[in-house]
Amino acid sequence: MVDVGSKAETARVARAGGSIFMQPATLALIRDGSAQKGDVIGIARIAAIQASKRTGDLIPLCHPIALTRVAVDFVVDEAKNAVHCEVIAECHGKTGVEMEALTAASVGLLTIYDMCKAVDRGMRIENIRLLEKSGGKSGHWLAE
């Protein structure tokens with residue numbers, strides 16, 4: 001692992017997102033809360049939060065982070081037959097929370113896939129990316 005011992009503790013925030021595209025009927029099941037496995041969005045939100053807290057266990061050489069906040073938002077996009085996920089992760093520490101936000105977005109979208117794969121194996125998870133980060137020596141960064 002990289003030595004972060006001499007780095008200053010600062011407020012750190014990362015925002016990440018991604019999308020899952022599907023058939024209109026699959027999106028209707030999610031929107032209406034009628035998927036066979038239950039509340040897809042609610043369960044995906046919990047999965048995303050849990051994943052953010054386990055990032056140090058999942059990504060080799062990634063520092064464990066004492067998160068102070070994780071917010072997960074899902075938006076149903078009828079026009080694109082998609083669900084968009086956005087995660088904000090925050091901490092006060094010596095290293096950033098980009099990996100926690102990215103892991104949360106990935107697992108949240110994977111959970112949607114898992115819960116709906118019986119009706120739509122062709123779903124596509126796309127564009128998982130860091131949207132914004134702040135804090136630390138490198139300061140603020142915003143995706144174009």
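What follows draws every value from the coordinates through simple rules; no lab data is involved. Keep in mind the model is a prediction, meaning the values are calculated, not measured. A quick note on method: Cβ atoms are made from the backbone with ideal geometry, for glycine too, and the neighbour counts reach across all protein chains shown.
Below is a table of values for the structure above.
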| quantity | calculated |
| --- | --- |
| Qualifying aspartates and glutamates (Cα of each under 20 Å from Cα of Lys117; at least 8 residues distant if same chain) | Asp32, Asp39, Asp77, Glu78, Glu126 |
| Of Lys80/Lys133; Lys53/Lys137; Lys94/Lys133, those spanning more than 19 Å from alpha-carbon to alpha-carbon | Lys80/Lys133; Lys53/Lys137 |
| Spatial separation of Cα centroids for region 111-144 and region 48-76, in angstrom | 12 |
| Given charges at Cβ of Lys, Arg, Asp, Glu: the chain dipole, positive-most of Val70, Cys91, Ala14 | Cys91 |
| Net lengthening on full extension, Asp114/Arg129 (0.36 nm per residue, minus Cα-Cα) | 3.3 nm |
| Gain on full stretching of the segment that runs from Ile46 to Thr10 - 0.36 nm per residue minus C-alpha separation | 10.3 nm |
| Sequence-separation-based contact order of the chain, relative, with Cα cut under 8 Å and 6+ spacing, percent | 40 |
| Aspartates and glutamates whose Cα lies under 14 Å from that of Lys37, excluding same-chain neighbours fewer than 8 positions away | Asp114, Asp120 |
